[in-house]
Every structure is written in structure tokens, then in C-alpha cells.
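Bear in mind these aren't lab numbers, they're just calculated from the coordinates by the rules spelled out. Only a predicted model underlies this, so the values are computations on that prediction, with no experimental measurement involved. Cβ atoms come from the backbone with ideal geometry, glycine included; neighbour counts cover every protein chain shown.
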Amino acid sequence: MKRMAIVGNHALSYGALLSRVQVIAAYPITPQTQVVELLSEMCADGTLKAEFVKVESEHSAMAAVMGASASGARAFTATSSQGLALMHEVLHWVTGARLPVVMGNINRAFGPPWSIWTEQTDSLSQRDTGWMQIYAQDNQEVLDSVILAYKVSEQVLLPTMVVLDAFFLSHTSEPVEIPDQEMVDEFLPPYENKYILNPDDPHAFGGLTNPEWYMELRYKIHKAHEEALQLIEKEGREFEKLFGRYYGLVDPYRVDDADTILVAVSTAASTARYAVDLLRERGKKVGLLRIRVFRPFPYERVKEILSGAKKVIVLDRNLSPGAGGIIASEVRGALANVKNHPPVFSYIMGLGGRDITTKNIMELFEEVEKMEEGKDIIWKGVKI
């Protein structure tokens, strides 16, 4: 095992390398390009023995890894924002075909106006495609999550998106432990799927299905997500035994006696952790719940942790126009059947890469302390 200072994009690349991916489809888009650039160098110098497919669009990139996975190869790609949107049609197909593709998505705001900075609306807008979604808070988690994604995806036959914030992680260097290949091989065996395209044993996949059976196939996809809820925590524990780091569905922090709990994802949760510590020093009983896995959504774990709080704050770096924060909507759903559940205060902030500071987060706790009824949407930091 060695330790290196690498950017989040390269953490994705090393995760793919250590997972022994066999096919990579690449199309550049800021701020993702470094991911496939490094992988192309690894393929060129023989460090990674994989097919590197250069395509003309993100739609083609997803189609290429779909075909590779359907043929029995471990496949990887990466994208951002508009590129992810262009993949939308094929994302549905990959899920329906039950292919365990893994993709890195670097969160970037949609245009227009044109933006290259972070916002989670791009990945969250794909929440109904059936892809599992993991949101990393640091570069170590980015690398580790690629390995874990393949381990779970290949058991439940669902694709996974490993998501990280543009620039805050993608282009920021952090110390990252690079596991030994032998240890990763011990954790992640070669990909084997008996349902593959094979000219010597021809079958048809994805053909026309009439109403008599279509619903049952969707039911099986949903049941696979439910199975993944258990597997993510199980494989997280197995990963911890080998590498000393645990990753589950959620990451609670100082919640046991908290009156007010803040819910956040990705790097905003790291900032919130520090804010919680500062407020604890002032005698405030506050805590943090980081949602690590958004799909399948961990409803039971969220309900278990939040139902004992007096107030819940949700910080959303995303927006569903006309509805509000996407994470807040899921949190409300988790609490809906809890008798006398705590009020939820939904904050929208940090869109388009605007900074979310410790001071900003401390202000959320201070504002909510003075409010009794939950708020559907509160815009924080808007200048008009």
C-alpha cells in the first residue's frame, strides 16, 4: 500500500485500475476529462490491460460500456452535467438490461447560463433511471467507492454512479492510500455473469415485452435495490476488515443526543461536521447525518436516526424547480409515517459552485433555533 497526493478525478482512475476494468469508453467534458486522460495513459503504457474506446459523444460512451458489459467485460466510464444528460436514454437501458456498469460523475451545474462549477442537480435528475448512486465526501472515499461499487453491482446486477463535487474534489489534491492490487483482488473477484452475449450460445436480450411481463421485470429491479441496501453495509464491513475504512449507507455524526440534526451530502457534509463541532463547544446539541448512498435511498436508517430529533435541517446543493430540494423531498418521505415526526427545514444553497462555508452552516442552526414550524424551501444567500 502506498500513499499519494492525488486529485479526486485521479482517485476515480486509480479505483478503475485497481478494479481491473477491461473496457473504458471515453469522451472528454470539463471537469471530468482528467479521469479518462489518466486511464488512457495507463492503457498506453501497459499499466492497465484494458480496451480504451474513444467515442464521439457521451451517448456513445454509455452505449459502448453497455455493450462491453453485456459481453461479460467489467466496464467503466465517466462524465459530467450535459454529458450525463446526453446519456439519459442509455442509462435506462443499462438498468433494464441488468448490467453492472460503474461510472464516475463529477457534479457540475447545468446550463444555460454556462457553468463548470459544482451542483448536484445533474446526477440527482437521473434518480429514476435505476442506477445506484454513491456521493463521496473526500478523495479516499472516491477511490474506495469504485471498488465497492463493482463488488455490489456485480452481485445485484445493477449499475452504479460514483459521484463527486466538481473542483472541491475533482481538481483538489488530498492524501489517498492506494491499496495493493493483491488486497483488492482478494476483495473483488473477476466479473462473472452467466447472462452475456455469446455468438456460440445465442440468445435475445431486451426484446419486445408485452404487458403480461413488463411489470414483473421492473419489480425485480426494485427488489435488487432492496437487496443492495443490505449488501452495501455488508460489503462495507468486509472492506473495513481488509483496508481499515468503513463505508455504509449513511454517516451519522454526534446524533445520539442531538436536538437538531443537519442532513447533507458530499463535501458540504465535511464542512458541516466542523460547524457541528464548533456549536457543540458552545453547548448546542446539534448533529449531522451525511447521506452517502442516495439510490437505493436508505429510508429505514434515515427514519431511525432523525425520528428522535426535535428539528431536522436539510441542506440541498440542487434544485427541482417548482418543488425544491431533492434530498429534502426524500427525507420528508422517510419521516412521513413517523408519528409526531420532527419539522423539516429545507435550505437551498451553493448552486453553481457558490461556497458553502462553516459560517453559513452555523447560521442555519441559529435560524432554525428561532423557528417552530418546518419550511418547504428557504433560499440561503440569494442576492435578489
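Observations, loosely collected:
- Of all DSSP beta bridges confined to the chain, the antiparallel ones make up roughly 25%.
- Relative to the longest principal axis of the Cα atoms of the chain, the long axis of helix 358-369 lies at roughly 50 degrees.
- Close amide H contacts of residue 377 (hydrogens built in the peptide plane, cut-off under 5 Å, sequence separation of 5 or more or a different chain): 346.
- Least to most buried among 222, 92 (fewest other Cβ within 10 Å first): 222, 92
- By the beta-carbon count within 10 Å of each Cβ, the least crowded to most crowded order of 84, 197, 48, 12, fewest first, is 197, 48, 84, 12.
- Average Cα contact separation per residue, the chain, under 8 Å, 6 or more apart, as relative contact order %: 16
- Reachable aspartates and glutamates, given that their alpha-carbon falls under 12 Å from the alpha-carbon of residue 54 and they are not under 8 places away in the same chain: 37
- Per-selection Kirkwood Rh - the range 250-379 (Cα, Å, 1 d.p.): 14.4
- Beyond 26 Å in Cα-Cα separation lie the following of the pairs 339/383; 223/310; 220/241; 303/375; 234/311; 234/284: 339/383; 223/310; 220/241; 234/311; 234/284.
- Once the chain from residue 92 to residue 57 is taken as fully extended at 0.36 nm per residue, the excess over their C-alpha distance is 10.9 nm.
- Label zone at residue 115 (point 7 Å along Cα-to-Cβ), backbone N below 16 Å, the range 331-363: 347-357
- Within the chain, longest stretch clear of exposed GluC sites (Glu not before Pro) (DSSP loop, no more than 12 other Cβ within 10 Å): 193-371
- For the range 308-316, Karplus couplings with θ = phi - 60° (6.51, -1.76, 1.60), whole Hz, Gly/Pro x: x, 7, 8, 8, 10, 10, 10, 9, 10
- Förster radius 45 Å - calculated FRET efficiency between residue 208 and residue 177, Cβ distance, rounded to 0.05: 0.40
- Expected 222 nm ellipticity per residue - DSSP helices of 4 or more, -39500 (n - 2.57), all of the chain, to 500: -13000 deg cm²/dmol
- Karplus (6.51, -1.76, 1.60) ³J(HN,Hα), θ = phi - 60°, over the range 277-283, in Hz, Gly and Pro reported as x: 4, 5, 6, 4, 5, 8, x
- Rg/Rh for the chain, where both radii come from Cα atoms and Rh is the Kirkwood radius: 0.97
- Principal-axis analysis of the Cα atoms of the chain puts helix 58-70 at an angle of about 60° to the longest axis.
- With neighbour counts taken as other beta-carbon atoms within 10 Å, the residues 259, 200, 144 rank, fewest first, as 200, 259, 144.
- In degrees, nearest ten, helix 326-335 long axis to first principal axis of the chain (Cα): 70
- Qualifying trypsin sites (Lys or Arg not before Pro) for the range 1-89 [loop in DSSP, other Cβ within 10 Å: at most 11]: 49
- Leading residue at positive end of dipole, the chain (Cβ point charges), from 364, 196, 120: 364
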